[in-house]
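Worksheet: the structure to be examined is printed underneath.
Please treat every number below as a calculation from the coordinates, not as lab data. Nothing here was measured: the structure is a model prediction, and the numbers come from that model.
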Amino acid sequence: MTPDSKPPEFERALEELERVVERLEHGDLPLEEALKSFERGIELTRHCQGALKAAQQRVEVLLRRDGRAEPVPFVVADDESASGSESVPSGASAASSGEDVPR
């Protein structure tokens, strides 16, 4: 991507969604404007979810086409998501994820 080109559609939608959330969290919008912003946020969320789903499907097709790799869903434990640690695909051990494992 060149410096003058626009960011891809997903990234633009995500940036707009973040701005909408910030405005709503600030709490100083009149009710009607807050409702319109909320509606726009829902539209953007659905758009982003659709784009992520499409990307996931493309990755799965590519992995199946290769024949060597199988898609493995990520499982995030509640305590891991709060601490900010990385997710490990389900079925993968900490050793295979590159983490140091005490022996």
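The string of couplings for region 31-42 from the Karplus curve (6.51, -1.76, 1.60, θ = phi - 60°) is 3, 4, 5, 5, 5, 5, 5, 4, 4, 5, x, 5 Hz, one whole number per residue in order, with x for Gly and Pro. Sequence-ordered 3J(HN,Hα) estimates for region 53-64 from the Karplus curve with 6.51, -1.76 and 1.60 and θ = phi - 60° stand at 4, 5, 5, 4, 5, 4, 4, 4, 5, 5, 5, 5 Hz, glycine and proline given as x.
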